[in-house]
1. Compute the distribution of all C-alpha to C-alpha distances in the chain, in bins of 10 Å from 0, and list the percent of pairs in each, rounded to whole numbers.
2. Using a 1.4 Å probe on the protein heavy atoms, what percent of the accessible area of the chain belongs to carbon and sulfur?
3. Taking a 1.4 Å probe, which of Arg76, Arg82 shows the most accessible area, and what order do the others take after it?
4. Under a plain spin-label model, where a point goes 7 Å from the Cα along Cα-to-Cβ, how far apart in nm are Val37 and Ser59?
5. Straight-line reach only, C-alpha to C-alpha below 18 angstrom: list the lysines that Lys53 could link to, leaving out same-chain residues fewer than 8 apart.
6. If you roll a 1.4 Å probe over the heavy atoms of the protein chains, what accessible area per residue do you get for the chain, in Å²?
7. Each label point is 7 Å from the Cα along the Cα-to-Cβ direction; what then is the distance between the points at Glu17 and Met1, in nm?
8. Among 18-24, 47-53, how do they line up from the highest to the lowest mean number of other beta-carbon atoms within 10 Å?
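The values are calculated or read from the model by the stated rules, or taken from the named source; none is laboratory data. The shown structure was predicted, so the numbers you read here are calculated from the model rather than taken from an experiment. Here the Cβ positions follow ideal geometry from the backbone for every residue, glycine too, while neighbour counts run over all protein chains shown. Just the protein is used for accessible areas: all its heavy atoms, side chains included, with ligands, DNA and RNA removed. Shrake-Rupley method; radii C 1.70, N 1.55, O 1.52, S 1.80 Å.
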Amino acid sequence: MELPILESGKHSVLSAELNTGIVLNTNFSQHIGNEDVFHIFETYNLAMEFVEKKLTESSNYEFNIYNSKGEYLLTRDKNGKR
């Protein structure tokens, strides 16, 4: 699974099950092959809004956020940022 190539300023979010670390596809089902796994956002703030909304829907998610260069920025789950 490769990080997406993004335009400058965009961010990607990868989701996983908190308890198992199993990567989820963009439909929040377990990733089992050649499926999209990265959510793409125009800005960091939009990515964080998405993450916060999803955490209100389920506390069993964790999210990794990457910048347009593919650099890891942070992980966010029900316990906060890591």
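1. Spelled out per bin, shortest first, that is 20, 54, 26, 0.
2. Numbers: 2300 of 5040 Å².
Here carbon and sulfur together make up 46 percent of the probe-accessible area.
3. Working: Arg76 40, Arg82 150 Å².
Descending accessible area places them as Arg82, Arg76.
4. For Val37 paired with Ser59, the spin-label model returns 2.6 nm.
5. Lys53 reaches Lys78, Lys81.
6. Working: 5040 Å² over 82 residues.
Result: 61 Å² per residue.
7. So the two model labels end up 1.3 nm from each other.
8. Details: 18-24: 12.4, 47-53: 16.3.
Going by the mean number of other Cβ atoms within 10 Å, highest first, we get 47-53, 18-24.
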